[in-house]
1. Need a quick list: helices (runs of 4 or more DSSP H) entirely within the range B:37-122 having at least 2 residues that are not aliphatic (A, V, I, L, M).
2. Is it the case that residue B:186 is surrounded by fewer than 23 Cβ atoms within 10 Å (Cβ to Cβ), free of Cβ contacts under 8 Å to residues at least 12 places away in the same chain and not hydroxyl-bearing (Ser, Thr, Tyr)?
3. Looking at B:204, B:254, B:163 in this structure, which one is buried (at least 24 other Cβ atoms within 10 Å of the Cβ) and modelled with pLDDT of 95 or more?
4. Which of the residues spanning the range B:246-292 are free of Cβ contacts under 8 Å to residues at least 12 places away in the same chain and of a type in the set (A, V, I, L, M)?
5. Scanning the range A:340-368 for residues that are over 23 Å from the mean Cα position of the chain (by Cα) and of a type in the set (S, T, N, Q), which turns out nearest to residue A:166 (Cα to Cα)?
6. Can you tell me which residue in the range B:272-330 is surrounded by the fewest Cβ atoms within 10 Å (Cβ to Cβ), limited to those that are under 27 Å from residue B:352 (Cα atoms) and of a type in the set (Phe, Trp, Tyr)?
7. With the requirement that a residue be within 23 Å of the chain's Cα centre (by Cα), acidic (Asp, Glu) and not in a loop (DSSP other than H, G, I, E, B), what does the range A:369-400 give you?
8. Answer yes or no: is there a residue in the range B:117-131 that is out of contact with any helix residue (DSSP H, G or I) (no Cβ under 7 Å at 6 or more places or on another chain), facing chain A (nearest Cβ under 9 Å) and crowded, with 24+ Cβ neighbours inside 10 Å.
Protein chains: 2
Amino acid sequence: MPQQSPLEVPEGDPFGPHNLPYGVFSTAREDRRRIGVRIGGHVLDAGAAAAALGSPYAGLLGQPSLNPLLAAGRTAWRDVRRALTAWVTDPGHRPAVEPHLLPLDEVVLHLPYEVADYVDFYASEHHATNVGKIFRPDGDALTPNWKHLPIGYHGRSGTIVVSGTDVVRPSGQRKAPTDPVPVFGPSVKLDIEAEVGFVVGAPSELGRPVPLAGFEDHVFGLFLLNDWSARDIQAWEYVPLGPFLGKSFATSVSAWVTPLEALDAARTAPPARDVPLLPYLDDAGDDRPGGFDLRITVSVNGQEIARPPFASMYWTAAQQLAHMTVNGASLRTGDVFGSGTVSGPRTDQRGSLLELTWNGRDAIELSDGKRTFLEDGDTVTLTAWAPGPDGTRVGLGEVTGRITAAR
Amino acid sequence: MPQQSPLEVPEGDPFGPHNLPYGVFSTAREDRRRIGVRIGGHVLDAGAAAAALGSPYAGLLGQPSLNPLLAAGRTAWRDVRRALTAWVTDPGHRPAVEPHLLPLDEVVLHLPYEVADYVDFYASEHHATNVGKIFRPDGDALTPNWKHLPIGYHGRSGTIVVSGTDVVRPSGQRKAPTDPVPVFGPSVKLDIEAEVGFVVGAPSELGRPVPLAGFEDHVFGLFLLNDWSARDIQAWEYVPLGPFLGKSFATSVSAWVTPLEALDAARTAPPARDVPLLPYLDDAGDDRPGGFDLRITVSVNGQEIARPPFASMYWTAAQQLAHMTVNGASLRTGDVFGSGTVSGPRTDQRGSLLELTWNGRDAIELSDGKRTFLEDGDTVTLTAWAPGPDGTRVGLGEVTGRITAAR
């Protein structure tokens, strides 16, 4: 009986040929970084396959980073994806393709792009309302600007790390309202934020805003993102100029970037907006709905603690991109922006421990004990899937990280 | 009579051989970017001179960017500077060096390093007090954390531009307290912030803070920085996550980076601190004072409007670096951090129009009319000098930019 081809991915596999996310890998035998495409439980060495097939994309795919492919623009993204789809589905290509497949557990995955700027948004109304109630109990939960613009801020791109990287517990200043002076030490309120990240491919010119309709020309794909947050450091530092050291120690991203094209069936309308939007943000008349129906799961040490629904986000990624550039700020290949914490309306849909435990008031039960915030040794994993074509599921690459003790 | 050598720089020239700032240039004839060192009114093609002299630094200096030199670390910085000093002062080197000198007005200057992350601080007590009084008239001028930590936030590194680059007036949302809803349009409160920027050379490891004493091992040099700010956009957006589009359209920096070594004589003690500092920020026992006595001048269309004294900054660059990394955040070659607006105690020492005009209440008089904020066509120039060895002055490269109309 002939051995089954790794390309015969079982029906229902969320990493079937309808998905084909991109990553960068090396192997124990060869530490050269290469672009890989995930198919089922295997990784296709895309540059090697392209070369074997005499593909015109052998140059773009034979790189140590996704950046040249990202920079190549939307037509190239579509054409390369079409070629890859043919390679993994057409049995005639199997003899040339199969030698370049490696089992997933034999590769080491790396950060797949060089990050240029990193912006994080604050786009879930449920999350912002919860945070407002916790941190500003005497005021309105949402600030007056919240429904008029997608609030965002720049984060530290140099500390974006790939899934699987350990996260050292940060130290810093904190001051409880009852403390007379701040104290220094390891954060005692280390938290997660379950988010979706977007990576920019095609750059834009300084001084020229990108309109809502330019989203798919500039954004290559998306992935899961964990915006680790030290709530005690953040609470003391963030007035008046925003989060800084409470966030900048690490941000973890999936090793796999899912191209937007794979998520056509997951497009969904964002929630109804309660206030009229300025024209540059008004997506009411857009051809395609701006939301993505991604179903996220948050687990700590293998136990599921929440299921944040990305479809519930008030602001869409297209609106975030239009806002980020409306002042003329340019985009560079490798710019990353995060959606902000994804929290749904239900208590079990909250994407941070801050919300799930109401700032530590209500511990959650894990099999190894109670948790308010993260303990050393805890491993946090985000997974997600989205509806794909013909009833399939499109899996997003997980993002996982383990907390190690402060140094 | 033999022609005078361009290396015979007149006594009192702030760009004499005691200074030697680094830049990157090209010429009309040859658009290849090269490292240049400024000496008097000339630029030394440093890589070409190094090659002509058979210097071991021909590799580091024969680059299109300062990044490899920055990454080489403190010993290399000292040795390269020592070599350059000999080349421009020792008459025996003249025949080899002089052919590689170009008049300053024949070169095009470029951004001399690739910016990694950009952080901006808020370190002048006078500035923070003025801003607090203007924006938060009902509260304390300084937030409770201000004297315990150097407040900072990440900015957009992709829109850092070299001196001389035009700045397009940004558009965005603004909402006066009396407006029922926000309006969209070109900023009507376009401002400057006179700052000093620092560029990181040697990187640091993720998870390992850089102590105060590590400042000179990691920071290569400094320069002038204009943190253009749209006050109306900023005022509406900045609560709760800090400035974003009010700043991200452009930040201008000098074309010349002054190495820290050139500023040894400008070291000065920062102001007395009124509250005890946590050990990682406490510089009371440091060998060298952490401040720099830089005398800045702000001009609009050639007319001087303020003289902010950098010596008056409450927080030093060494403290800012220690704070920025105390949570384990790593440094990369090319990280830039800004001091925050430099304002002294006197009204003519304020480094922003926001302060100089008290948010537009008190116009300033220029020969071409009154100003509250910047008008299209205005050119803003920052210059500075510092005390050098033996009564000399060390000039900083100017940073200039002209406002063009919103598109």
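1. Working: elements: B:46-52, B:58-61, B:67-72, B:74-89, B:94-97.
In the range B:37-122, the matching helices (runs of 4 or more DSSP H) lie at B:67-72, B:74-89, B:94-97.
2. Values: surrounded by fewer than 23 Cβ atoms within 10 Å (Cβ to Cβ): yes; free of Cβ contacts under 8 Å to residues at least 12 places away in the same chain: no; not hydroxyl-bearing (Ser, Thr, Tyr): yes.
No: the conditions fail for residue B:186.
3. Numbers: B:204 fails: buried (at least 24 other Cβ atoms within 10 Å of the Cβ); B:163 fails: buried (at least 24 other Cβ atoms within 10 Å of the Cβ).
The unique qualifying residue is B:254.
4. B:272, B:284
5. Going through the qualifying residues, I end up with A:367.
6. Checked the range B:272-330; the qualifying residue surrounded by the fewest Cβ atoms within 10 Å (Cβ to Cβ) is B:314.
7. Answer for the range A:369-400, where residues must be within 23 Å of the chain's Cα centre (by Cα), acidic (Asp, Glu) and not in a loop (DSSP other than H, G, I, E, B): just A:398.
8. Scanning the range B:117-131, I find at least one residue that is out of contact with any helix residue (DSSP H, G or I) (no Cβ under 7 Å at 6 or more places or on another chain), facing chain A (nearest Cβ under 9 Å) and crowded, with 24+ Cβ neighbours inside 10 Å, so the answer is yes.
The values are calculated or read from the model by the stated rules, or taken from the named source; none is laboratory data. Model, not experiment: these values are computed from the prediction. Every residue, glycine as well, gets a Cβ built from its backbone with ideal geometry; the counts of neighbours run over all protein chains shown.
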